[in-house]
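Below is one structure, written out as structure tokens; comments come after it.
The values are calculated or read from the model by the stated rules, or taken from the named source; none is laboratory data. Note that the coordinates shown come from a computational prediction; the quantities given were computed from them, not determined experimentally. Here the Cβ positions follow ideal geometry from the backbone for every residue, glycine too, while neighbour counts run over all protein chains shown. Side chains included, ligands, DNA and RNA excluded: accessible areas come from the protein's heavy atoms. Shrake-Rupley method; radii C 1.70, N 1.55, O 1.52, S 1.80 Å.
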Amino acid sequence: MRYDYIIAGSGIAGLYAALLAREHGSVLILTKGSIDECNTRYAQGGIAAAVGPDDSPELHLRDTIEAGAGLVDEEAARILVGEAAERIRDLVRFGVPFDSVDGEVALGREGAHSRARIIHAGGDATGVHIELSLSSLARMSGITIKEHCQVEDVVVEGGRAAAVATLDTRTHTRETFEGQSIVLATGGNGQLYRVSTNPEVATGDGVAVAYRAGAEIADMEFIQFHPTALRLPGVPVFLISEAVRGEGALLKDARGRRFMPEYDERAELAPRDIVARAIHSELAASGADRVYLDITHLPAERVSARFPQIYRYCLEHGLDITKEPVPVSPAAHYMMGGARTNVWGETTVPGLYACGECACTGVHGANRLASNSLLETVVFAKRVIDRTLLNGEQPAAAPRTPDARPLPAPAIAEAPPLSRGALQSLMWDEVGIVRDGEPLARACATLSAWQAWLPAPADRPAHELANLVLCGRLAAEAALLREESRGAHYRRDFPQPRDEWRRHVVFRSDV
Ligand SMILES: Cc1cc2nc3c(=O)[nH]c(=O)nc-3n(C[C@H](O)[C@H](O)[C@H](O)COP(=O)(O)OP(=O)(O)OC[C@H]3O[C@@H](n4cnc5c(N)ncnc54)[C@H](O)[C@@H]3O)c2cc1C
């Protein structure tokens, strides 16, 4: 059967796009795990939107551009902040129960936002409320949903995306589905790193699929490391939301010294890259593996009411955050890069669209402003569906970048044995929070050799490993090329931003 829309991924971007698309034609959602396995369900802080009485889209735009360190696409960011309120109304219409106070939407504060503008649900359980509201609506609305169905590749025929090749991850059978519009909404690649807030499914599949289909991939060197992931022995990585610092939590070392004011005048509310690097440098100097986030000075009832999920999770693991500081360290969190799109979510391959974390619309530049990612998913998913209606049978594409380059051909060479763990350690140690020319060059050579030796993938783990290696190469090669520091990309050997690097690194396989 041929579908009007094939949507890969069932996080907020895929589900929201599908719910809009079903008004206009047949929709198939393909998702490689069960429907609710995705980054979205772990989102805590909320969605940014300038809806407060003292706020405006202009102020939100200013904060977004400032965080993005000179690489934000202003047109895309203006759309992001301008269409925010309407998209929040859509989510409310789709059943998302956002929190309110005295009949008004409740607004939280997060780092690098000049106003309180973070809309949340269930306190710090925003993602799970969004995911469950949208997935139950999708199940009820006649959309065909295939779970445990991994998209292996996009089939390009006559220069346009025509179908997707899939693998049923339980029966290991392969099937191809034809589609008029193919939308990648496959999320990020946090599984590239040893310490990550992202779940198992975040393996960069959409970026790898898009690259193999000939689409352009941009900004892959910009990986956001979240400064504060819970660090308790034997306890899985768990995010301690930025909103906790927004409420007044202070970062301290083991001796109780508050260190952030020494790094930035905004102290704990500085952008994530600055806070993550400050912690990295404190840890390197002290040899410790954690610092402490202290919120014990706030009333206990306020903390447990505002952060019920974090409070409960820590308590289950023996830590009462209203009485003791929380041990934390940085973790890989968000991929700013992805399949490059224009402001309509079109990639450079006609008929192939991308939205959500797997897309690079340019709104985040070199560093995402907290809570702008959930917003980006809905703003641009809506524009994808609007565009498919305008395009009709003849899909257009984003213009190609003149100086896009292919990855260097994989080179057969000696390399340590490849496993997901070995890859994650290499990326953490050599393409991590603080980078340097020599380790980056070493990482590029190892990744290239790993790619040269990879057998054709036959099951989901093998596909994921191959896709992670490709994403690792895109990130490491871009990081090696970018001889400067900007936003989330920090090079010890080039510690300042350089004007000639106020541009994007773009890869395309068919150059
Ligand atoms: C712990 C945590 C907290 C966060 N907090 C916030 C926050 O407060 N505010 C904010 O704005 N952002 C936050 N983020 C980021 C935000 O949650 C994500 O960027 C966003 O949810 C991405 O949505 P998505 O739909 O693009 O991807 P996802 O929600 O990750 O969904 C991707 C989907 O694609 C599927 N998939 C992947 N590969 C394939 C394949 N090959 N074939 C088929 N299906 C595939 C996955 O199984 C999944 O269903 C947070 C992220 C994390 C991890």
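Starting from residues that are touching a helix residue (DSSP H, G or I) at 6+ places or on another chain (Cβ under 8 Å) and either open to solvent by 10 Å² or more (accessible area, probe 1.4 Å) or free of Cβ contacts under 8 Å to residues at least 60 places away in the same chain (or both), keep the ones in the stretch 14-24 and report whichever is farthest from the ligand (Cβ to nearest atom).
My answer is His24.
Taking the stretch 370-394, which residues are within 16 Å of the ligand (Cβ to nearest atom), polar (S, T, N, Q) and outside any loop (DSSP other than H, G, I, E, B)? Step through it out loud before you land on a result.
Our first condition is that a residue be within 16 Å of the ligand (Cβ to nearest atom); within the stretch 370-394, this holds for 370-385.
Add one more test, that the residue is polar (S, T, N, Q), and what stays is 371-373, 377.
Selection gives Asn372, Ser373, Thr377.
So that you can scan it fast, the table gives a plain yes or no per residue for (1) outside any helix (DSSP H, G or I); (2) away from the ligand (no atom under 16 Å from the Cβ); (3) buried (at least 22 other Cβ atoms within 10 Å of the Cβ):
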residue: His226; (1), (2), (3): yes, no, yes
residue: Gly234; (1), (2), (3): yes, yes, no
residue: Val244; (1), (2), (3): no, no, yes
residue: Gly248; (1), (2), (3): yes, yes, no
residue: Gly256; (1), (2), (3): yes, yes, no
residue: Pro261; (1), (2), (3): no, yes, no
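The number of residues in the stretch 206-224 that are under 28 Å from Glu484 (Cα atoms) and open to solvent by 10 Å² or more (accessible area, probe 1.4 Å) comes to 1. Condition test on Ala138, is it open to solvent by less than 10 Å² (accessible area, probe 1.4 Å), farther than 19 Å from Ser373 by Cα and assigned to a helix (DSSP H, G or I)? Yes: the conditions hold for Ala138. Candidates are the residues of the stretch 273-302 that are open to solvent by 20 Å² or more (accessible area, probe 1.4 Å) and among the β-branched types (Val, Ile, Thr); the one that is modelled with the lowest pLDDT is Ile274.
Residue by residue, here is whether (1) more than 11 Å from the ligand (Cβ to nearest atom); (2) open to solvent by less than 10 Å² (accessible area, probe 1.4 Å); (3) farther than 17 Å from Gly351 by Cα holds:
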site: Gly122; (1), (2), (3): yes, no, yes
site: Arg160; (1), (2), (3): yes, no, no
site: Ala165; (1), (2), (3): no, no, no
site: Gly187; (1), (2), (3): no, no, yes
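In the stretch 70-95, of all residues being of a type in the set (Gly, Ala, Ser) and outside any helix (DSSP H, G or I), the one that is surrounded by the fewest Cβ atoms within 10 Å (Cβ to Cβ) corresponds to Gly95. Just so you know, in the stretch 43-69 the residues that are without any contact (Cβ under 8 Å) to a residue 40 or more places away in the chain, part of a helix (DSSP H, G or I) and not hydrophobic (A, V, I, L, M, F, W, C) include one that is surrounded by the fewest Cβ atoms within 10 Å (Cβ to Cβ), and it is Glu58.
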